[in-house]
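A short write-up of the structure that comes next.
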Amino acid sequence: MFKTNYICTMPHSNIKKYKLLLVSPRQHYIGYTAHAELALMFGKKRLMIPLALPVIASITPDNYEIRIMDEESEPVPFDYKPDIVGITTLMATKDRAFELGDRFRSQGATVVMGGVSASMLPDEYLEHADAVVTGEAENIWEPCLRDFEQGCLRQKYEAESKYDYKNPKPARWDLVNMKTIFQVAIQITRGCPFNCDFCLVPKMFGRKMRFRDIDNVIEEIRHLPSKYVFFVDDNLTINKKYARDLMQKLKPLGVSWACMASIDVADDEALLQEMADAGCFNILIGFESLNPESLHEMHKDHNREGEKFAESIQKIHRAGIHINASFIVGFDNDTTAELDRIYDFSLKTAMPNVNLHLLAAPQGSELNARLRKEGRLFKLSESIGDGFFPTIHYMNMGQLELFDRYVVTVNRLFSYDTILKKAKALFSDGTFTRPGGSISFHRKMSLTLIILNEYLLTKDRDKRALFFFLMTLIKKKKIAVDKAFSFMLSMLSINRQLGKNMKNNEKYRILIRQNDVGPWKDKDVTSLS
Ligand code: SF4
């Protein structure tokens, strides 16, 4: 491990200027949960960019001229000649990060990679980079840059201790092209006390929670270039007292925001109300599974109060807050019946936004280590969507069997017949009357045209019925206009993305079929060794 107090032997008295390009590589496959089509409707390229880019910029010394580039939003400027390139990585962008690393190195730039994927696989990344920063960058990025300046860059940089995180510098949103994105991200905590076996968060940030000073958070939000904010913390309300103090100070700022939290947020209805008052319009909740055995298998027993879920969901809806419900199918205790169970549950609890994923085992996770040992890892290609395609040999299901049922279920979840039923149950009692954030007159006009065009000039009777149902509620003041419109746009955007992705499905089905070994439990494992 590299020590943070390591000092290069070469002096650096005359500090010169360097050009630093910070890049987030594009993904080859865009899943429906990315809401990419929604961003396009708002005249943007992407909902938001990875927070790592403006955060790394904030901890970069002054003698660097920094350019931030999100490849999902804009093409990488290969004619720009940076001295050094920092590439942030995810499992889904690994291939592209390798390509970009090779390209910039061939152009003479020094390439440093970091982020979750590079942190888990530093040696693999070092084949395409000069150095890899593993884990949190705050305590190690500046020493890494100083070594680069002095020509003594090491291959691996890892901080000895976790960053204090109480008072980080504000992320450099001033360097981001805000014309291309809809909302900005902010993080206020680090770490997770749990240890779900498929998750890399505890590995990256540790199991001890660290919290920013609330005044430090508020100061950053006050200066953000957007009134639409996403808290990227895995559980914003894990410390209820902290969350309540935050809400008090957030409320006067007039931001509209979404976050992630665990379902126990509903145990405190007063807090839920304070969140809604402070601008919260959506909470992403990782239910993960409705199967208690699967929750136990993934070490997420803290989510096992399934019988309470429906009541908790109702409380969140009563506060006028939407839920993005996240589920995973593919655990050893799962069969394809889990997909029907999730569909039925989402219908019963009126949750239109369901992020349904197939189990993935990212490299570096405990799950990956176990499945690797068992010979059960399975990947069509590095670059296509973990979470949307089979990546393991399932215990009780064939890969193609699960994939086909998954595609059918996602399409059922977002059919207008289902959406209409959920909208009636969700909106009829008038709890979504609080208006959201403001948008320009010009944008309102263009969005209205999209809605009229799509929801009136359609052969889908349920889609048209949804429009008229929501118009009636608006007239009766039982739903805010922007809540009704954003709901229709959001459902439309998901359907557009699914339509695009469906076109490629046959190609992927052929690949899956070629590798399908059927349910692992039926396999003669001795024949594999
Ligand atoms: S899935 Fe959520 S609760 Fe589980 S370890 Fe990851 S961040 Fe923590």
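The values are calculated or read from the model by the stated rules, or taken from the named source; none is laboratory data. From a predicted model like this one, the values you see are computed outputs, not experimental measurements. Methodologically, a virtual Cβ is constructed for each residue, glycine included, from the backbone with ideal geometry; neighbour enumeration extends over all protein chains shown.
Some observations on this one:
- Candidates R244, R222, R210 - the one that is among the charged types (D, E, K, R) and either in contact with a Gly (Cβ under 7 Å, 6 or more places away or on another chain) or not assigned by TED's automatic domain parsing to the domain that holds I323 (or both): R210
- Enumeration of residues in region 298-338 that are among the polar types (S, T, N, Q), surrounded by 17 or more Cβ atoms within 10 Å (Cβ to Cβ), more than 20 Å from the chain's Cα centre (by Cα) and not in a helix (DSSP H, G or I): T335, T336
- Selected residue [touching a Leu at 6+ places or on another chain (Cβ under 7 Å) and within 16 Å of the ligand (Cβ to nearest atom)] from Q183, Q155, Q187: Q187
- Selection from region 329-350 of residues that are without any contact (Cβ under 8 Å) to a residue 40 or more places away in the chain and within 21 Å of H393 (Cα to Cα): A337
- Test for G114: is it in a strand (DSSP E or B), over 25 Å from W257 (Cα atoms) and of a type outside the set (A, V, I, L, M): yes
- Filtering region 346-360 for residues that are of a type in the set (S, T, N, Q) and over 30 Å from Q273 (Cα atoms) leaves an empty set.
- Residue list for region 313-344, restricted to those being of a type in the set (S, T, Y) and within 16 Å of the ligand (Cβ to nearest atom): S326
- Conditions (1) under 23 Å from the mean Cα position of the chain (by Cα); (2) without any contact (Cβ under 8 Å) to a residue 60 or more places away in the chain; number of the one not met by R105: (1)
- Qualifying position, being within 28 Å of the chain's Cα centre (by Cα), touching a residue at least 40 places away in the same chain (Cβ under 8 Å) and not assigned by TED's automatic domain parsing to the domain that holds P352, among R443, R412, R405, R370: R443
- Matching residues, region 275-308, being more than 14 Å from the ligand (Cβ to nearest atom) and in contact with a strand residue (DSSP E or B) (Cβ under 7 Å, 6 or more places away or on another chain): G279, C280, F281, N282
- Scan region 137-159 for residues that are crowded, with 17+ Cβ neighbours inside 10 Å, part of a loop (DSSP other than H, G, I, E, B) and touching a helix residue (DSSP H, G or I) at 6+ places or on another chain (Cβ under 7 Å) and the total you get is 2.
- Which listed residue, of K241, K203, is at pLDDT below 95 and either surrounded by 15 or more Cβ atoms within 10 Å (Cβ to Cβ) or assigned to a helix (DSSP H, G or I) (or both): K203
- Selection within region 498-520 - among the acidic types (D, E) and either surrounded by 12 or more Cβ atoms within 10 Å (Cβ to Cβ) or in the same structural domain as T33 (by TED's automatic domain parsing) (or both): D516
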